[in-house]
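Reading through the structure tokens given below for one structure.
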Amino acid sequence: MIRLEQHLGLGTTCLGVPSPAVFLDKDGTLVEDVPYNVDPACLTLTVGAAAGLRLLHAAGYQLIVISNQSGVARGLFLEPALLAVEAALRRLLLEHGVPLHGFYYCPHYPNGVVAEYAVACSCRKPAPGLLLRAARERGTDLGRSWFVGDILDDVEAGHRAGCRAILLDVGNETEWRPGPLRQPDCMASDLLDAARVIVGAGAGALLPA
Ligand SMILES: [Zn+2]
């Protein structure tokens, strides 16, 4: 079976030039937050998501989900359930004319109950491991990339990977734990607002050839 990504010819441009990405938190940013949900039927795009992602795609940004999924380590669902979530999300976005270029998740949680996953890792946000892996696998130019998320751990992960970061001011951050890498470059009201900021900043995103 031809992978969807191959079919769409995505990744680096045809010339092999690293392209920028917009990394997206999933729950509360891209889709409405339903805690520990892995039921594809419960995936609903947030307000402004479809229009915002269309704008970013047209501007030449790869769109890559970066998600903490500690429900695996907590024993709430099995890791393969996330494959169904990814497939459903790709279908949902394609219905809106938007391809998803990558879907990366961290299944770990140090205090989890499933021994295999109850570990300190380098991929659970605010660590930047998933972004670094995505960039390595997809030839992403991190210096021209952005992270959009709804909590400061997303902001920190983006900054630790060398990206700029936008916080969606939608009420999901409740702790506001400060830190030198946790100051958003910008706040936005939803993904469309964030997309306008990113495109307006003009990072020199290369349109795919
Ligand atoms: Zn992890």
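Laboratory data are not the source of any read-out in this text; all were calculated from the coordinates shown. Just so it is clear, the model here is predicted, and its values are computed rather than measured. Cβ placement follows ideal geometry from the backbone for every residue including glycine, while neighbour counts extend to all protein chains displayed.
See the values below:
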| read-out | value |
| --- | --- |
| Area projected by the alpha carbon convex hull of the range 64-151, averaged over all directions, nm² | 6.4 |
| Residue-wise HN-Hα coupling along the range 35-51, computed from phi with Karplus coefficients 6.51, -1.76, 1.60 (Hz; x: Gly, Pro) | x, 6, 6, 10, 8, x, 5, 9, 7, 10, 5, 6, 4, x, 5, 4, 5 |
| 5 angstrom amide H check on Ser19, placed H, neighbours 5+ away | Thr13, Asp141 |
| The range 19-201, relative contact order in percent, only Cα pairs under 8 angstrom and at least six apart counted | 26 |
| Cβ-placed point charges (K, R +1; D, E -1), dipole of the range 19-201 about Cα centre in debye, nearest 20 | 560 |
| Residues Thr140, Thr44, Thr174, sorted so that the one with the fewest Cβ neighbours within 10 Å comes first | Thr174, Thr44, Thr140 |
| Longest to shortest principal axis, alpha-carbon extents of the chain, angstrom | 47, 45, 30 |
| Volume per residue of the C-alpha convex hull in the range 97-139, rounded to whole Å³ | 95 |
| Ellipticity estimate at 222 nm from DSSP helix runs (n ≥ 4, -39,500 (n - 2.57)) divided over the chain, nearest 500 | -8500 deg cm²/dmol |
| Ranked Ser70, Ser122, Ser145, criterion: other C-beta atoms within 10 Å, fewest first | Ser122, Ser70, Ser145 |
